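Worksheet: the structure to be examined is printed underneath.
Please treat every number below as a calculation from the coordinates, not as lab data. Note that the coordinates shown come from a computational prediction; the quantities given were computed from them, not determined experimentally. No Cβ is skipped: glycine too gets one built from the backbone with ideal geometry, and neighbour counts run over all protein chains shown.
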Ligand SMILES: [Zn+2]
């Protein structure tokens, strides 16, 4: 049997959430629900709101506390269509965003989601050059696969994309591979007149998701970091020795047995 990758702790599934634009009331309510059920999310924010003159600037301490345990991530300093800008403006947008969000969050901010979900080869090249690790699109895969390229990280679906059915399918996956359920949206979209999705539905989704077995609950960047470490594992020709050059453990399945590969060499 082939050696297969597992997720942290030797599980097969990961659930991650991803919310854009950082609206105050909506995010407060949403984080409250996520924290109640142990769900992890990334919040993609626009840096212009977190500098003097921005609406969030007098709430920085409160907001830092709010997003604790989740990921603060980029979304463009001013939320532009990045693919319409000169290259130097893309660089400026991203570096300004990063700088203001890092000053706010207090740690290196390494991920993002594309404003309006749009991008181009030039934009992706700039992000790569700036060492931005991942960026989420708005194109639904409607499946549980991992991204081919983290700079075009397509989510499973938007939260209005029939997520109860997706969750049911995710529960039923009889896992011998690894699977990811990735939901995105905006916290201002709940209970709006033009949308059918309510706060109550979000809460019942999270309650049910919290009972998922064999599942890791992670932010986007935690998934990026783990998958990157996972792909760096080197295996001896006899498949008995493993070299993990990363600083974090990676889990594998070898002939039906789970193994934790700590940093360094592991013999099984
Ligand atoms: Zn946005």
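With contacts taken as Cα pairs under 8 Å and at least 6 residues apart, the chain reaches a relative contact order of 27 percent. For the chain, modelled as a GNM whose springs connect Cα atoms under 10 angstrom apart, the maximal fluctuation among 136, 174, 124 occurs at 174. Computed over region 162-203, the quotient of the alpha carbon radius of gyration and 2.2 N^0.38 Å is 1.45. Seen against the Cα atoms of the chain and their longest principal axis, helix 87-105 is set at about 80 degrees. Across the chain the C-alpha pair distances fall into 10 Å bins from zero in the proportions 7, 29, 33, 23, 8, 1, 0 percent. Taking only the alpha-carbon positions of region 1-80 and ignoring solvent, what does the Debye formula give for the base-10 log of I(q)/I(0) at q = 0.14, 0.17, 0.27 Å⁻¹? Log10 of I(q)/I(0), two decimals: -0.54, -0.71, -1.38. Looking at the chain, the DSSP beta bridges with both ends there are about 35 percent antiparallel. Mind pulling the angle between the C-alpha long axis of helix 220-231 and the longest principal axis of the chain? Nearest 10 degrees, somewhere in 0 to 90. The helix 220-231 is inclined about 30 degrees to the chain. I need the calculated FRET efficiency for the pair residue 25 and residue 262, taking r as the beta carbon distance and R₀ as 30 Å, to the nearest 0.05. Efficiency computed from Cβ-Cβ geometry: 0.10.
With N the number of residues in region 116-249, Rg(Cα) / (2.2 N^0.38 Å) evaluates to 1.24. Taking the longest Cα principal axis of the chain as reference, the axis of helix 163-172 is set at about 10 degrees.
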